[in-house]
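Undergrad: Sharing a structure, written as structure tokens. Questions coming.
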Amino acid sequence: MDDNGAVFIGLSTLDLAYAVDRYPAEDSKTQADELFLGAGGPAANAAVTYAHLSGRVPTLVTALGKHPLAELIREDLQQHGVGITDLTPDGDQQPPVSSIIVATGAATRTIVSLDGSRVHAPFDSTAAEHLDRVAVVLVDGHYAEPARHIAAAARARGIPVVLDAGRWRPVHGELLPLTDIAICSAAFTPPGVAPDSPAAVFDYLHAIGPERVAITDGPHPIVWSMPGERGEIPVTATRAVDTLGAGDILHGAFCHFHTLGEAFPVALAHAAEVASRSCVSVGTRAWMR
């Protein structure tokens, strides 16, 4: 791996997404317009995005196992240039499956899924070997034990650690002190912090560890904060039909632009452009064509 390589640690799912014009009525049958079947999950989608933009082979540290559905995930990731370190190579557990309805008329999606909480992914010390000649590490908060260990090892080597923070979970309290850059959703509200207060979230996170923080909010501007400076970045308006995975794609794109040496707000702006582009087609792959 070259000096601009990347490691992504976290969840891989099998995504089954049906595109319809509008949400079906209860107890009805609906003919879908399109179907997307492929690997999903925050870290997995970010790794695929990074591989596509950079032309490099990132490492995804995740839990797959030997279940037949895991093979579908593995094949899709490998086809998109992602190297895999499986934390549960001999496991026979069913991987998380996400069933998704995408209402293209409203550009919204509804997801029913099981996350990785039922999968025990122990820390494998060999996973830290992937940090050689790596420029960035991203953790999505799933599989807490390996995420903590690899983030700590990266921090000790001076490798920037990026946290993908969706909604607050207890593991964030352990990961944030090991994080250099936190990119959060608008739904991310730490305990004791007033909701809908980006300034309060910035102050809370800076006090714990991350020097650079951004908060995304769909089509609304991205707000960001770093020592001595705060600002916002407008999000390019698009005719969105599917926002599935847009946040994951933004994180992967940010990691790519960060490894190119771009300043924090510049890398965020470029990543937001990629994420916006991904919303004009169904699924998380069509934008790459």
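Undergrad: Here are Val161, Val201, Val134: which of them is open to solvent by less than 30 Å² (accessible area, probe 1.4 Å) and in contact with a helix residue (DSSP H, G or I) (Cβ under 6 Å, 6 or more places away or on another chain)? Steps first, answer last, please.
TA: Numbers: Val201 fails: in contact with a helix residue (DSSP H, G or I) (Cβ under 6 Å, 6 or more places away or on another chain); Val134 fails: in contact with a helix residue (DSSP H, G or I) (Cβ under 6 Å, 6 or more places away or on another chain).
From the options Val161, Val201, Val134, the qualifying one is Val161.
Undergrad: Among the residues of the range 3-19, is there at least one that is open to solvent by less than 10 Å² (accessible area, probe 1.4 Å), over 24 Å from Val139 (Cβ atoms), touching a strand residue (DSSP E or B) at 6+ places or on another chain (Cβ under 6 Å) and not in a loop (DSSP other than H, G, I, E, B)?
TA: yes
Undergrad: If I filter the range 239-275 down to residues being small (Gly, Ala, Ser) and over 15 Å from the mean Cα position of the chain (by Cα), which single residue comes out as farthest from Leu138 (Cα to Cα)? Break it down into steps so the answer makes sense when it comes.
TA: Keep residues of the range 239-275 that are small (Gly, Ala, Ser), which gives 240, 245-247, 252-253, 261, 263, 267, 269, 271-272, 275.
Of the ones still in play, those that are also over 15 Å from the mean Cα position of the chain (by Cα) are 240, 261, 263, 267, 269.
Details: Ala240: 27, Gly261: 16, Ala263: 18, Ala267: 15, Ala269: 18 Å.
Here the answer is Ala240.
Undergrad: Tell me whether the range 239-255 contains one or more residues that are aromatic (Phe, Trp, Tyr) and either part of a loop (DSSP other than H, G, I, E, B) or out of contact with any helix residue (DSSP H, G or I) (no Cβ under 7 Å at 6 or more places or on another chain) (or both).
TA: Taking the range 239-255 first, the residues aromatic (Phe, Trp, Tyr) are 254.
After this cut, where a residue has to be either part of a loop (DSSP other than H, G, I, E, B) or out of contact with any helix residue (DSSP H, G or I) (no Cβ under 7 Å at 6 or more places or on another chain) (or both) as well, the list is none.
Looking for residues that are aromatic (Phe, Trp, Tyr) and either part of a loop (DSSP other than H, G, I, E, B) or out of contact with any helix residue (DSSP H, G or I) (no Cβ under 7 Å at 6 or more places or on another chain) (or both), one finds none in the range 239-255, hence no.
Let's see how each residue does on (1) aromatic (Phe, Trp, Tyr); (2) surrounded by fewer than 18 Cβ atoms within 10 Å (Cβ to Cβ); (3) in contact with a strand residue (DSSP E or B) (Cβ under 7 Å, 6 or more places away or on another chain):
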| position | (1), (2), (3) |
| --- | --- |
| Glu26 | no, yes, no |
| Asp33 | no, yes, yes |
| Tyr50 | yes, no, yes |
| Glu71 | no, yes, no |
| Leu87 | no, no, yes |
| Asp90 | no, yes, no |
| Ser99 | no, yes, yes |
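The values are calculated or read from the model by the stated rules, or taken from the named source; none is laboratory data. Note that the coordinates shown come from a computational prediction; the quantities given were computed from them, not determined experimentally. Every residue, glycine among them, receives a Cβ derived from its backbone with ideal geometry; neighbour counts consider all protein chains shown. With ligands, DNA and RNA removed, areas are computed over all heavy atoms of the protein, side chains included. Shrake-Rupley method; radii C 1.70, N 1.55, O 1.52, S 1.80 Å.
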